Amino acid sequence: MTTTRGLRDREAPITMLTAYDAPTAAVVDEAGIDVILVGDSMGNAVLGYDSTLPVTLDEVASRTAAVARATEDALVVADMPFLSFGVDEAESVRNAGRLLKEADADAVKIESGPHTVEMTRRMTDVGIPVMVHLGLTPQHVNRLGGYTRQGTDQDAAEEIVELAGAHAEAGAFALVLEHVPANLAGAVTEALDVPTIGIGAGPDCDGQVLVINDAVGLGDWSPPFSRQFGDVRGEMLDAVAAYREAVESGEFPAEEHWHVEGDLDDLY
């Protein structure tokens with residue numbers, strides 16, 4: 001079973017995927033993925049929102065509980081959605097604790113900045129493992145002006161390096177780096193004792209993460225730094241179309257799909 005401490009001792013690259021429901025989590029876990037992230041990316045991926053911003057704590061808690069019930073070996077990390085943290089420290093800790101107590105998450109992930117260093121320390125002090133997230137942080141899309149690459153100039157890159165070190169010192173057990181230059185991600189990885197997990201951050205991180213829809217080819221679009229390892233959307237479309245055709249033609253249900261109860265002959 002994967003643990004937060006065990007991630008630090010791994011020699012092989014860490015594998016991480018998102019999942020938002022029990023059937024998907026069971027497949028991801030059976031495939032041997034180390035970490036399942038119940039990401040606020042559920043907003044775009046499964047809830048029909050235009051961004052992650054509308055996702056609520058209740059939605060994350062419900063989805064996390066479903067994933068945890070279906071998972072045996074992977075580490076389950078729950079994303080803290082927009083405004084569930086960072087406004088008030090005590091409320092942030094309570095919300096994070098709820099995801100562990102009620103939803104059975106193993107850890108939480110927070111989109112990070114200077115304001116989350118002490119919060120990370122406080123959560124860690126009370127027993128809540130924290131994964132931090134730097135670089136492109138989708139909850140800040142309105143401030144960033146879009147889903148653009150981060151850390152591309154010297155000042156921005158140095159800030160990310162400094163924030164990564166500060167969060168690691170505050171007790172974070174791992175760090176996600178999203179959509180940053182590969183040489184910046186490599187420098188952060190080299191500087192930290194805790195593992196880095198990249199998404200659009202090059203090959204030098206200690207692991208990689210993708211949104212499940214992108215990895216299996218379920219959506220109709222994926223970011224340029226992802227890769228589709230299957231065509232689940234195509235397979236589902238073929239299966240659903242085949243079902244419709246079978247019903248319309250009378251092929252389904254066939255005789256093996258029903259039974260007749262002899263004692264009910266007098267119903268009419």
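The values are calculated or read from the model by the stated rules, or taken from the named source; none is laboratory data. Source: prediction; values computed, not measured. Every residue, glycine as well, gets a Cβ built from its backbone with ideal geometry; the counts of neighbours run over all protein chains shown. Ligands, DNA and RNA are excluded from the accessible area calculation, which covers all protein heavy atoms including side chains. Shrake-Rupley method; radii C 1.70, N 1.55, O 1.52, S 1.80 Å.
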What's the angle, to the nearest 10 degrees (0 to 90), between helix 182-191's Cα axis and the longest principal axis of the chain? 70
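What's the magnitude of the charge dipole for the chain around its Cα centre, counting Lys and Arg as +1 and Asp and Glu as -1 at the beta-carbon? Answer in Debye, nearest 20. It would help to have the intermediate numbers written out before the result.
Working: 16 positive and 47 negative charges, 241 e Å.
Charge dipole of the chain: 1160 debye, to the nearest 20.
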By the gyration tensor of its Cα atoms, with a ≥ b ≥ c the square roots of the eigenvalues, what is the shape of segment 1-151: rounded for a/c under 1.5, prolate for a/b over b/c, or oblate? rounded
Let me know the charge dipole size of segment 18-74 about its Cα centre in debye, to the nearest 20, where only the beta-carbon of Lys, Arg (+1) and Asp, Glu (-1) is charged. 120
With Rg from the Cα atoms and Rh as the Kirkwood inverse mean 1/r over Cα pairs, segment 72-113 has an Rg/Rh of 0.99
Segment 1-33 to segment 37-104: how many Å between their Cα centroids? 17
Per q in 0.07, 0.09, 0.14, 0.17 Å⁻¹, report the Debye log10 I(q)/I(0) for the chain, using one uniform scatterer on each alpha carbon and no solvent. -0.29, -0.44, -0.94, -1.39
For the chain, dividing by residue count, accessible area per residue (probe 1.4 Å) in Å² works out to 53
Can you tell me the FRET efficiency between Leu83 and Thr124 if r is taken as the Cβ-Cβ distance and R0 is 25 Å, rounded to the nearest 0.05? 0.70
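What dipole magnitude, in Debye to the nearest 20, does segment 71-203 give about its Cα centre under +1 on Lys/Arg Cβ and -1 on Asp/Glu Cβ? Don't jump to the answer; show the numbers that get you there.
Details: 8 positive and 21 negative charges, 57 e Å.
Dipole magnitude for segment 71-203 comes out near 280 debye.
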Karplus-derived HN-Hα couplings along segment 16-30 (A = 6.51, B = -1.76, C = 1.60, θ = phi - 60°), whole Hz, x at Gly and Pro: 9, 9, 7, 8, 10, 8, 5, x, 5, 4, 4, 5, 4, 5, 4
For the chain, take the longest principal axis of its alpha carbons; what is the angle in degrees between that and the long axis of helix 232-249, to the nearest 10 within 0 to 90? 20
What does the extension gain come out to for Glu30 and Arg149, with contour length at 0.36 nm per residue minus their alpha carbon separation? 39.5 nm
Among Met119, Thr24, Ala12, the residue whose Cα sits farthest towards the positive end of the charge dipole of segment 3-123, when +1 is placed on the Cβ of each Lys and Arg and -1 on the Cβ of each Asp and Glu, is Met119
Keeping the other protein chains in place, figure out the carbon and sulfur percent of the accessible area of segment 93-153, with a 1.4 Å probe. 45
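How high is the relative contact order of the chain, in percent, with contacts defined as C-alpha pairs under 8 Å that are six or more residues apart? The partial results should precede the final answer.
Working: 484 pairs, mean separation 38.7, N = 268.
Relative contact order of the chain: 14 percent.
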Residue-wise HN-Hα coupling along segment 85-95, computed from phi with Karplus coefficients 6.51, -1.76, 1.60 (Hz; x: Gly, Pro): 8, x, 8, 9, 4, 5, 5, 4, 5, 5, 5
